Structures are given as C-alpha cells and as structure tokens.
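Chemist: My structure is below; once you've seen it, I'll send some questions.
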Amino acid sequence: MELTESKTKSVSQLVERKCELNIMKLMGIVSACLMILSVFAIISVVYRESPLDQLKEFAEARVNHHKGDSSSKSVDEHKDKLLDGLLSAGFDEKSCLSRYRSVLYRRSSPHKPSSYLQSRLRKYEDLHKQCGPYTESYNKTVEMLKSGHHIGQTDCNYIIWIAYSGLGNRILTMASAFLYALLTNRVLLVDRGNDIDDLFCEPFPELSWLLPLDFPVNEFNKFNQKSPESYGYMLKRNAISNTTNSLPPFLYLHLAHDYDDKDKLFFCDHDQSLLQGVSLLIMRTNEYFVPSLFLMSAFEQELRKLFPSKDTIRTFEPGNHPFQHVMDQVVACFVKEKLLPEVDPQEPILSAPGNRKSKAVLITSLNSGYFDKIKNMYWEKPTVTGETIGVYQPSNEEHQQTENNFHNRKAWAEMYLLSLTHVLITSGWSTFGYVAQSLGALKPWILYKPENHTTPDPPCCRAMSMEPCFHAPPSYDCKAKTWVDTGALVPHVRHCEDMIWGLKLVELDNL
C-alpha cells in the first residue's frame, strides 16, 4: 500500500485509464543504480513507451504539486536526464522514451553516485561493446563451448543470468548479477525467458545484453544442484579445486533459496579465485545476494570506492479467515504512525470546500479486499483533520501469474507507480515492495507478520534503509571455517526487519 499527497482528480483519471495497457509496451531497466547502500541496481527502470497513461498522469500530478513549492530549485536538465552520470548519453532517445524522461516522473534523488562509479559504468559499457554478442571474443567463446574444451584465460569473461521466479525476484537478481559482473570484470548476458525482451529496454549502448537464441548452452531448465556442471556438486565430488589442472568450459552456480552449504561457498574469497579462472558462469538465483558481497574481503576495496556513502542509492495473500486481522494491522499501522488521519464516527460527511487538503492512497494487491475496506472507511465518515482521502487500486488479479506477460506488464507498472510516492507501507518478505522502495529511494513501513490471528503491537516498523533483504544468506565464516552470525560481522550489514535471519545493507548515519 502506498500514500502520496497529490491531486485526487489526476489520480482518479490515472486509475480510470488503467485498461489502456493493450496500447502500451512496457519496457524497462537501468536507473535506480546500485545507489542503495548503494546498491539496488545499475538497473534503471526505463520504458520503450510510457508504461501506462497511469504513470504519466501520476507523474504530472507530482510535478504540478512541486511547481507550487517556492523553495524548489531549477535543475540542470541534461545532468538530470543522465541521472548524475548513471546513464550513458549514447542512446537514441526514441528507442526507449523513459530512459531519459524518468527524471520527470519523480523527485530528485538526494543520493548521488560517486565519480568512481560513473567511470566504472563507462568502462563496463566499453567492455560490453568489446565482448558482447557476435563480437570476435564472443564468437571464440562459443566455438570453444561447442568443442567442449576449457576456454582458458581470455580478454572477455561472461556471466549468464537465468530468468527465474516472479518478476520482483527477477529484477532484484538482475541487479545482484550485474554488481557481481562489475566486481569481477565479466560481461552480463541475460536469458530472455518469456518476456525479458518485452519488459526491459537495452541498458547498454550499441550491443544487446540479451543472450542470443543460438547460444550453444540454452536448456537452462535442466540445470539443478546435481547437474554435472554445478559448482557445488563438483565440490562435493572433489571434481574441482584451485589445483585442478583442467577446468570445465563453464560452471553452473545454483544460488536459489534451496542452495546447500557447498553452493554457498560461492561467497568465499578462496572460491572466487577459482571461479576467476572459468570464462563462463551460468547463474540461477531468486535471491538478492548483494549484502553478502559486502562481507567478502576480495570485493571490499572496490565496493568502498564504488559506494563511499552507504546511502547513495513473495508475498502471499491471506485466505478469508485471517484477512480481517491483516486489514486491522494495515489500518493500525497508518493511524498509529500518523500516515493517514483517523475518521470521526460521530460526524456526517459534508461537501468539501475547494481548497481542502487531499491525499491519495494507492493500493497494490492481488486481492481487492484491502481496497474495499479502506475506501469504505474514508467514504462513509469524515477525517478528524478535514482532509479528503482518495483510495485507488489499478488492478486486482486474484492470483500471481508468473508466466503471463500481460500480468507482468501490469505488475511492473504498479511497482513503478509505488516508487513515485512519498510514503510506503509494505508486507514483510515482499520482493514487489523491495523493488518499489529501491527505485523510489524510500524507507518503507514494514508490516510485522501476524501470529495467532492477532494484530501485532506495534503493527509495523520503519525500515533501516531502502535496501532489499537477502532472504537466504550464508552463515559461514570462510576463513575460520565455522558457522557465524553474518549479521554481526560489519556494522553496515545487519539482519532484516522482516526476516531475522536475512541480511540487508544499512547506512549508519541514517539509522
């Protein structure tokens, strides 16, 4: 659920036009950048066309709202279009309209990328141009794969990201894979799955990041923890080590939620030195594993230079029985934290004067019940503050449809809409919410998990940072070779608010 002050009329128009998805082609990626503790994505949410008229009108409401603010300052349009150096100027703007226009849709971010991050992004773009699909180095790698021989040391090393799990998970894991590629000087190529090429724009100039359809290794669904190419499984069988004379042509990295202790050795410096000798890595994950990269000494110096400021940048639906408890918790959260006003049960609703202050509430959920309850709450009784509250829900799909492209387009648009707001309330463990908070640089209010069908007290808490939570981190000290509390090793990596064993990045100055 999401709150924002805005012109209710504009938001109403936004919702009324929600059915026009069929004339829009939702595309996106590259611009919240690893600026969350600094690291959610060098991925920017960009769209080939405005993802929805919804986005445009919601943005216009925000822009008009800020125009009236006499304290607002004029901005350097060109600088803002490039998001302070995160984006390259080398694109045809018409190829992806919102690549340079997304700045018009949201507040200026207080989180600025370091000059070193800007330079590394430009160097990565050069590397991608040198090594991307159908270049000489890429073609050489393909021929070596076909021969089954170890590729050996080359100027171009690759990591292939496998499209896996729901859309929120995929966005978070693409961000993780890109940061890993940046740290290890690899070229990121993405498996297009069912809809990646439809949902996201090309993030790098000149050459595609999409894995060509004729790539010799392409039956990714067959990979699992016991695949002969699985790094963890090879370790179990003592089939690979730093002293191995012959390395395989590629390795499969299983980093999904069900990975085991051998798979988790990926996060050890010793194992990273071995992986550096393998030209092609293929990764499957549904986890945002960035926090554990910050615990690795091999990457410590580079991450410190990339992000000198640590603050630069699955949900399940309850059944009918527990629904009311969750609804009570949502209301308790926004009333207790004064995010929305209480209603006055004794007073009648009167016609609102023209200058009455208004707030718009955007609800995104597979279930329409939350929308109905909150809308009726403010429809039937006046607020104690005299404010007018409008409540809107763009869609209610009832069930998650991971493989449905049209469903994913709407989900992507709603994540983006949430990121444009001022205040955010999310359910715990929600990758949908993680994407929105990261893109919008928002520290959300997180609903505690209800127990015994009662509303928790307090019902929610404020997140420590805008960073997503790594739900299944390793808890192994690679040097001491023993189990350890990885949430207590360094001050900027802590356990999550919504999952006590999870890890997230925080900025100490902003706690």
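Residue-wise test of (1) modelled with pLDDT under 95; (2) out of contact with any Gly (no Cβ under 8 Å at 6 or more places or on another chain).
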residue: 276; (1), (2): yes, yes
residue: 282; (1), (2): no, yes
residue: 293; (1), (2): no, yes
residue: 310; (1), (2): yes, yes
residue: 313; (1), (2): yes, yes
residue: 318; (1), (2): yes, yes
residue: 327; (1), (2): yes, no
residue: 335; (1), (2): yes, yes
residue: 343; (1), (2): yes, yes
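Chemist: Out of (1) surrounded by 14 or more Cβ atoms within 10 Å (Cβ to Cβ); (2) outside any loop (DSSP other than H, G, I, E, B); (3) modelled with pLDDT under 90, the odd one out for residue 151 is which?
Modeler: Residue 151 satisfies all of (1) surrounded by 14 or more Cβ atoms within 10 Å (Cβ to Cβ); (2) outside any loop (DSSP other than H, G, I, E, B); (3) modelled with pLDDT under 90 except (2).
Chemist: State all residues of segment 380-393 that are touching a Pro at 6+ places or on another chain (Cβ under 7 Å) and either part of a strand (DSSP E or B) or closer than 25 Å to residue 430 by Cα (or both); if no residue qualifies, say none.
Modeler: Passing the criteria: only 383.
Chemist: Right, here's the next one. When the residues of segment 462-496 are narrowed to those that are polar (S, T, N, Q) and not in a loop (DSSP other than H, G, I, E, B), which ends up surrounded by the fewest Cβ atoms within 10 Å (Cβ to Cβ)?
Modeler: Looking at residues that are polar (S, T, N, Q) and not in a loop (DSSP other than H, G, I, E, B), I get 482.
Chemist: Looking at 95, 102, 74 in this structure, which one is of a type outside the set (Lys, Arg) and either crowded, with 18+ Cβ neighbours inside 10 Å or at pLDDT 95 or above (or both)?
Modeler: 102
Table: residues versus (1) not in a loop (DSSP other than H, G, I, E, B); (2) not hydroxyl-bearing (Ser, Thr, Tyr); (3) not assigned by TED's automatic domain parsing to the domain that holds residue 327.
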site	(1), (2), (3)
359	yes, yes, no
372	yes, yes, no
378	yes, no, no
397	no, yes, no
403	no, yes, no
410	yes, yes, no
418	yes, yes, no
426	yes, no, no
436	yes, yes, no
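Chemist: Hey, another quick one. Is it fair to say residue 235 is assigned to a loop (DSSP other than H, G, I, E, B) and over 24 Å from the mean Cα position of the chain (by Cα)?
Modeler: It is false that residue 235 is assigned to a loop (DSSP other than H, G, I, E, B) and over 24 Å from the mean Cα position of the chain (by Cα).
Chemist: Please pick out the residue among 213, 251 that is surrounded by fewer than 17 Cβ atoms within 10 Å (Cβ to Cβ), assigned by TED's automatic domain parsing to the domain that holds residue 282 and closer than 25 Å to residue 143 by Cα.
Modeler: Selected residue: 213, the only one of 213, 251 that is surrounded by fewer than 17 Cβ atoms within 10 Å (Cβ to Cβ), assigned by TED's automatic domain parsing to the domain that holds residue 282 and closer than 25 Å to residue 143 by Cα.
Chemist: Residue by residue through segment 443-461, note down the ones that are out of contact with any Phe, Trp or Tyr (no Cβ under 6 Å at 6 or more places or on another chain) and either more than 17 Å from residue 338 (Cβ to Cβ) or not in a loop (DSSP other than H, G, I, E, B) (or both).
Modeler: 445, 446, 447, 448, 449, 450, 451, 452, 453, 454, 455, 461 - these are the residues of segment 443-461 that are out of contact with any Phe, Trp or Tyr (no Cβ under 6 Å at 6 or more places or on another chain) and either more than 17 Å from residue 338 (Cβ to Cβ) or not in a loop (DSSP other than H, G, I, E, B) (or both).
Chemist: What are the residues in segment 497-511 that are assigned to a loop (DSSP other than H, G, I, E, B) and either modelled with pLDDT of 95 or more or not β-branched (Val, Ile, Thr) (or both), if any?
Modeler: Within segment 497-511, 497, 498, 499, 501, 502, 507, 511 qualify.
The values are calculated or read from the model by the stated rules, or taken from the named source; none is laboratory data. Just so it is clear, the structure is predicted and the values come from calculations on it, not from any experiment. Because the Cβ atoms are built from the backbone with ideal geometry, glycine has one as well, and the counts that use them run over all protein chains shown.
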